[in-house]
Amino acid sequence: MGAGYDGMMNVPSGSFQQMQASEKHTCGVMTDGSVSCWGAHVPGALSPPAVELVQVSVQSDHACGIRPDGTLICWGGNTTVTEEDEEDALFSFPF
């Protein structure tokens, strides 16, 4: 879970249905569909949108999530998000 970055071990309380970690931060989908992110300060990456998600995929500077209707939403640093990243977020992890 990261390389000694501040905050990586500050896991929020509650129950998770899915989570993923990068070398800088971690995000998890709570059992109520909300998302919580923690770890190193990456602009925007620790501030997920207040929407229900069923799955999350985390990269070093951004994260993407899948809503219950199948649409994709991303947050964090947008300098490294590509269409390929978005495709990976949709298809890398089974539901």
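The values are calculated or read from the model by the stated rules, or taken from the named source; none is laboratory data. Keep in mind it's a predicted model, so treat the numbers as computed, not measured. A quick note on method: Cβ atoms are made from the backbone with ideal geometry, for glycine too, and the neighbour counts reach across all protein chains shown.
Being at pLDDT 90 or above, of a type in the set (Val, Ile, Thr) and touching a strand residue (DSSP E or B) at 6+ places or on another chain (Cβ under 9 Å) narrows it down to one of VAL11, VAL54, VAL81, VAL42, so name that one. Don't jump to the end; show me each part of the working.
On the way: VAL11 fails: at pLDDT 90 or above; VAL81 fails: at pLDDT 90 or above; VAL42 fails: at pLDDT 90 or above.
Step by step, each of VAL11, VAL54, VAL81, VAL42 is checked, and only VAL54 is at pLDDT 90 or above, of a type in the set (Val, Ile, Thr) and touching a strand residue (DSSP E or B) at 6+ places or on another chain (Cβ under 9 Å).
Limited to the range 10-57, what total is found for residues that are crowded, with 17+ Cβ neighbours inside 10 Å and either of a type in the set (Val, Ile, Thr) or not in a strand (DSSP E or B) (or both)?
Final tally of qualifying residues: 12.
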